[in-house]
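What follows draws every value from the coordinates through simple rules; no lab data is involved. Worth saying up front: this structure is predicted, and the values here are computed from it rather than measured. So basically every Cβ, Gly included, is an ideal-geometry build from the backbone, and we count neighbours across all protein chains shown.
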Amino acid sequence: MHYVSTRGRVAPVSFSQAVMMGLGTDGGLLLPSSFPQVDAATLHRWAGLSFCDLAVEVMLPFVAGDLSREQLTALVKRSYAAFHHPEITPVVAVGEVRILELFHGPTAAFKDVALQFLGNLFEFLLERSGGHLNILGATSGDTGSAAIYGVRGQKRIDIFILHPHKRVSPIQERQMTTVLDGNVHNVAIQGTFDDGQRIVKELFNDLQFKDEYSLGAVNSINWARILAQVVYYFYAWGRCGAGKEGQKLVFSVPTGNFGDIFAGYVAMRMGLPVQRLLLATNRNDILSRFVNSGVYQAHEVHHTISPSMDIQVSSNFERYLYYLLGEDPQRVRDKMQQMALEGRLEVSGDERRQVSELFHAVAVSEQETLEQIRETYRQSGYILDPHTAVGVRAAKAFPGAVCLATAHPAKFGDAVRQAIGVEAEPPPSLQGLMDKETRCALLPADTQAIKAFMRETLAG
């Protein structure tokens with residue numbers, strides 16, 4: 001399997017090269033040159049597999065030429081050994097919807113599914129090459145802690161994580177800043193997540209700096225992140241009465257950066273029977289506005305009770321745009337240039353119709369989010385975190401939808417308490433965090449300031 005850039009100016013690369021490159025050297029995002037196709041008989045066989053066995057089957061065609069089945073199997077088993085549920089990503093019925101619980105990993109967020117795998121993959125590839133990697137990432141809350149836990153203590157990796165100061169939950173902040181391993185470097189930036197994401201992209205596009213410091217990416221710009229997330233769409237289908245003739249599922253996905261829902265799109269392109277992908281956003285609604293209008297235009301970033309979705313420029317949107325524009329890199333470059341110059345881009349009527357045939361988009365208000373947490377708790381005793389509540393609210397018109405639960409509700413105690421008067425019992429991984437020692441640098445949201453910090457840290 002070879003990988004190409006959405007902007008068409010990177011020679012095809014292998015899976016391992018794509019993983020280590022992160023962002024394409026032309027500023028684009030890397031994608032497989034084709035999608036392996038899964039027929040009905042294979043889907044039926046996969047439906048009975050364990051999560052780990054399924055992960056190997058789903059991922060294997062994408063790593064062909066780089067990893068053997070045996071190597072991939074070992075990586076998968078090591079990655080999910082720390083999860084606290086035997087199914088890894090169980091599906092539970094809650095009222096009229098089904099909840100795909102993605103929060104049973106070491107940091108109680110869906111990012112663990114991808115980042116435990118990516119951390120182990122990095123370690124494997126670096127041991128094979130004898131190299132060293134400096135990971136640079138920005139987080140709106142969960143990516144940072146999941147990435148840190150995936151690589152803490154590793155000898156061949158240093159990790160720098162940027163988070164927006166005072167714009168993540170207290171628990172999310174502590175999950176990052178209480179990890180004191182020498183290879184972990186936390187930075188709170190005086191700005192938004194979008195500022196952090198901009199800084200990361202600018203440093204990756206500084207090819208001299210990227211090469212000198214061997215930068216690697218853990219944000220969902222890294223293809224391996226998306227690949228690992230594809231697995232649980234197939235797993236959910238297998239646990240929801242798979243095998244029924246013509247059965248198609250509706251997935252409701254709370255999203256800000258378009259990565260999790262793009263994984264669902266990949267699963268559909270591979271042959272997973274998907275009726276509709278529900279794109280659920282909070283007040284930061286650039287993606288839902290695009291689906292409903294065909295216009296992609298950034299507005300001010302609003303701080304909400306679902307902070308991991310407080311994003312206005314979605315990194316993975318470019319991947320979907322590539323397919324929407326007929327896999328034409330020139331058209332992608334033109335659209336992204338338009339976005340850079342004008343702060344907006346627009347697609348044609350035919351392309352808009354393609355979008356609406358696949359996606360249904362809903363923007364959910366703060367009040368509706370709290371109401372949904374309250375309603376679900378009253379009816380079933382199940383506690384939703386505010387991000388999952390956005391997805392459940394968006395699925396109201398789709399009984400039987402599979403709603404992705406992206407975080408444990410204990411990570412967002414203030415919002416849960418505001419909704420139902422009590423907080424969720426924290427899992428063991430979240431207990432005692434507020435009493436631990438912390439370490440974090442506070443810096444302006446400036447690319448040169450971050451570059452200088454990295455140089456100084458790595459020199460010392």
query = Among 49-61, 384-396, 310-322, 152-164, how do they line up from the highest to the lowest mean number of other beta-carbon atoms within 10 Å?
reply = 384-396, 310-322, 152-164, 49-61
ask   = Along its principal axes, what span do the Cα atoms of the range 271-369 show, with the longest given first and each in whole Å?
value = 41, 38, 21
note = Hull volume per residue for the chain, using the convex hull of the C-alpha atoms, in Å³ is 131 Å³
query = When only Cα pairs under 8 Å and 6 or more residues apart are kept, what is the percent relative contact order across the chain?
reply = 20 percent
query = If a helix is a whole DSSP H run, which ones in the chain reach 20 Å or further along their own axis (Cα) and hold a mean Kyte-Doolittle hydropathy of at least -1.0?
reply = 111-129, 223-239
query = What does the highest-first list of 357-365, 261-269 look like by mean Cβ count within 10 Å?
reply = 261-269, 357-365
remark   = the range 1-147: relative contact order from alpha carbon pairs under 8 Å, six or more residues apart, as a whole percent, is 16 percent
key: Alpha carbon convex hull of the range 4-86, projected area averaged over orientations, nm²   = 6.8 nm²
query = Residue-wise, which Karplus ³J(HN,Hα) couplings in Hz belong to the range 211-221, taking 6.51 cos²θ - 1.76 cosθ + 1.60, θ = phi - 60°, and x for glycine or proline?
reply = 6, 4, 10, 6, 6, x, 10, 10, 4, 5, 5
ask   = Long-range amide H contacts for Cys403: which residues qualify at under 5 Å (H placed 1.01 Å from N, peptide plane, sequence gap of 5 or more or a different chain)?
value = Arg98, Ile99, Leu100, Ser252
request  = May I ask which of Lys210/Lys411; Lys111/Lys396; Lys396/Lys436; Lys166/Lys210 have a Cα-Cα span longer than 31 Å here?
outcome  = Lys210/Lys411; Lys396/Lys436
note = the range 145-292: spread of alpha-carbon positions along the three principal axes, whole Å, largest first, is 54, 35, 34
task = Collect residues whose amide H, placed 1.01 Å from N in the peptide plane, falls under 5 Å from the amide H of Ala361; neighbours closer than 5 in sequence don't count.
result = Leu279
remark   = Share (percent) of C-alpha pair distances in the range 254-319 greater than 18 Å works out to 36 percent
Under 5 Å, built H, 5+ apart or other chain: amide partners of Gly216 = Asn134, Ile135, Leu136
remark   = With the 8 Å Cα cutoff and a minimum separation of six or more residues, the range 47-129 has a relative contact order in percent of 24 percent
ask   = What whole number of Å gives the distance from the Cα centroid of the range 59-134 to the Cα centroid of the range 367-446?
value = 23 Å
